[in-house]
Amino acid sequence: MSESIQKGSGGGDERVCAGDGAWRERRTVEVGKCADMVLLDADPLADIHNMRRIVKSIEGGAVYDPAPLWESVGFKP
């Protein structure tokens, strides 16, 4: 299971063009880098059901609380 989660979270080239002509590594969180991510309060490698234990999600620099998103699709957090 852990291999499936790891493969689903990336793959491909580990370096991307930053737009300014510089190459930067992916899969790192650093000042000046963009990152879309989901923050969990439990380890999904220990139990796949922990993928539902979302604390916050970040996309395009915006931080989202999961409760309104879950409720919009009829799921009670």
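Given a Förster distance of 25 Å, report the FRET efficiency between S72 and T28 from their Cβ-Cβ distance, rounded to the nearest 0.05.
Values: r = 32 Å, r/R0 = 1.27.
E(calc), rounded to 0.05, equals 0.20.
From the phi angles alone, apply the Karplus equation (6.51, -1.76, 1.60; θ = phi - 60°) to segment 29-41 and give each ³J(HN,Hα) in whole Hz, x where the residue is Gly or Pro.
In residue order, the calculated couplings are 10, 9, 4, x, 9, 9, 8, 9, 7, 10, 9, 10, 9 Hz.
How far apart, in nm, are the 7 Å Cα→Cβ label points at D65 and D47?
My value for the distance between the label points is 2.5 nm.
Starting with the highest mean, order 47-59, 31-43 by the number of other Cβ atoms within 10 Å, averaged over the residues of each peptide.
Numbers: 47-59: 13.2, 31-43: 10.9.
In decreasing order of mean packing, 47-59, 31-43 become 47-59, 31-43.
With each label point set 7 Å from Cα along the Cα-Cβ vector, what nm distance links L39 and V55?
Spacing of the two 7 Å Cα→Cβ label points: 0.6 nm.
FYI, it's all coordinate maths here, none of it is from the lab. Here the structure is a predicted model, which is why all the values come from computation and not from measurement. All Cβ positions, even for glycine, are placed from backbone atoms using ideal geometry, and neighbour counts span all protein chains on display.
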